[in-house]
Amino acid sequence: MKYESPKYNKYNQQEASNEDEDAPLYSIEDDDSENEENIRDSSEKSGKEDLSEAEYELEDDMEEEDSEDDESEESPSEEQKPTPSPLKLMFKTMLTPVEGWKALKRARISTDSFASGCFLPCVSIAALVEFIKIFYEANYSIGDWLLDTVSTFLIFFFGYFSVILLGALILPKKARILMTKDIGKQFVMLNISTLALFWAIIELVPMLDPVLVFLPLWTIYLIYKGVRVIRVPSDVENSTTGYMCLLIIGMPFLWNWLIKEILYPMTGI
């Protein structure tokens, strides 16, 4: 009689073997889930780190921009001070160009205020001093003086708008936006105002014409310094300086020629 092992032992052995075979699978799945969680955690951490780094970089860029604009911003004590006179700013710029241009930039004066406080008075002075011709020119009448006064005013008035218009067309592309900003318009006004004052001085002291005729060279120096203070891109500084000198010095002389050589003969004078 053969001895047969109990069936329950077979079942137990099979279950044990099945458990042995299944055990590694469970451990693999557990490991996979743990790895996935670790990957998620690491990805989330890396994402947070990347986001924080991007935020830091953005903050650094903003800090750099703020630091660049510090020179043009007023301190709290300066904000309480009254706005400086445009005429004072012009004379300060003529005496100390760099400090004067910086002061104009910090003042944040509107273009209309600068025009009414500096540009128009200087141009008016240049026009009114034409009366001095009554004392050293024969047959110089009041009508002649009125005509010269109007023409001198128009020379500088049209000269300003011509510089703004042509500057927006012929300046380097990176510098053309300057002609649309207040600081750019005031830059042109201030330099033309100095030309108007030099014109008035030459008219008042005509015997010194051979010397005073070189006064506009100081305006060229102001343009040179001003272009660097108002932060024109460094790669177009020299070309912008050249064009601005050509326009600011040349346009009033061009209008002077057009008015006196073309319009005056038409009036019979």
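The values are calculated or read from the model by the stated rules, or taken from the named source; none is laboratory data. Please read these numbers as outputs of a predicted model, since none were measured by experiment. Cβ sites come from the backbone with ideal geometry, for glycine too, and all protein chains shown count toward neighbours. What goes into the accessible areas is simple: the full protein's heavy atoms, side chains included, and nothing from ligands, DNA or RNA. Shrake-Rupley method; radii C 1.70, N 1.55, O 1.52, S 1.80 Å.
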Somewhere in the stretch 159-168, is a residue farther than 20 Å from Asn238 by Cα and either open to solvent by less than 10 Å² (accessible area, probe 1.4 Å) or outside any helix (DSSP H, G or I) (or both)? yes
Of all residues in the stretch 227-253, which are within 14 Å of Val163 (Cβ to Cβ) and touching a residue at least 60 places away in the same chain (Cβ under 8 Å)? Thr240, Tyr243, Met244, Leu247, Ile248, Met251, Pro252
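Looking only at the stretch 122-135, how many residues end up being in contact (Cβ under 8 Å) with a residue 60 or more places away in the chain and either small (Gly, Ala, Ser) or touching a Leu at 6+ places or on another chain (Cβ under 8 Å) (or both)? Please lay out each step first, then the result.
Let us first name the residues in the stretch 122-135 that are in contact (Cβ under 8 Å) with a residue 60 or more places away in the chain, namely 122-123, 125-126, 129-130, 132-133.
Now narrow it down to the ones that are either small (Gly, Ala, Ser) or touching a Leu at 6+ places or on another chain (Cβ under 8 Å) (or both): 122, 125-126, 129, 132.
Result for the stretch 122-135: 5.
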Could you tell me which residue of the stretch 94-114 is most open to solvent (accessible area, probe 1.4 Å), considering only residues that are of a type in the set (Val, Ile, Thr) and assigned to a helix (DSSP H, G or I)? Val98
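Please tell me if Ile223 is farther than 20 Å from Leu171 by Cα, in contact with a helix residue (DSSP H, G or I) (Cβ under 9 Å, 6 or more places away or on another chain) and either open to solvent by 90 Å² or more (accessible area, probe 1.4 Å) or among the hydrophobic types (A, V, I, L, M, F, W, C) (or both). Walk me through it before giving the result.
Numbers: farther than 20 Å from Leu171 by Cα: no; in contact with a helix residue (DSSP H, G or I) (Cβ under 9 Å, 6 or more places away or on another chain): yes; either open to solvent by 90 Å² or more (accessible area, probe 1.4 Å) or among the hydrophobic types (A, V, I, L, M, F, W, C) (or both): yes.
The answer is no for Ile223.
Mind checking which residues of the stretch 200-216 are open to solvent by less than 50 Å² (accessible area, probe 1.4 Å) and under 31 Å from the mean Cα position of the chain (by Cα)? Show your work before the answer.
In the first step, residues of the stretch 200-216 are kept if they are open to solvent by less than 50 Å² (accessible area, probe 1.4 Å); the result is 200, 202-203, 205-206, 212, 215-216.
Matches in the stretch 200-216: Leu215, Pro216.
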Quick one: Leu263 ticks every box in (1) free of Cβ contacts under 8 Å to residues at least 40 places away in the same chain; (2) among the aliphatic types (A, V, I, L, M); (3) surrounded by fewer than 17 Cβ atoms within 10 Å (Cβ to Cβ) bar one, so which box is it? (1)
Check on Ile132, assigned to a helix (DSSP H, G or I), modelled with pLDDT of 95 or more and aliphatic (A, V, I, L, M): no
Is it true that some residue in the stretch 241-248 is open to solvent by 70 Å² or more (accessible area, probe 1.4 Å), more than 18 Å from Ala115 (Cβ to Cβ) and assigned to a helix (DSSP H, G or I)? yes
Does Glu63 satisfy the condition of being in a helix (DSSP H, G or I) and modelled with pLDDT under 55? yes
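Mind telling me which of the residues Ala175, Ala138, Ala126 ends up being more than 22 Å from the chain's Cα centre (by Cα) and more than 17 Å from Phe253 (Cβ to Cβ)?
Ala138
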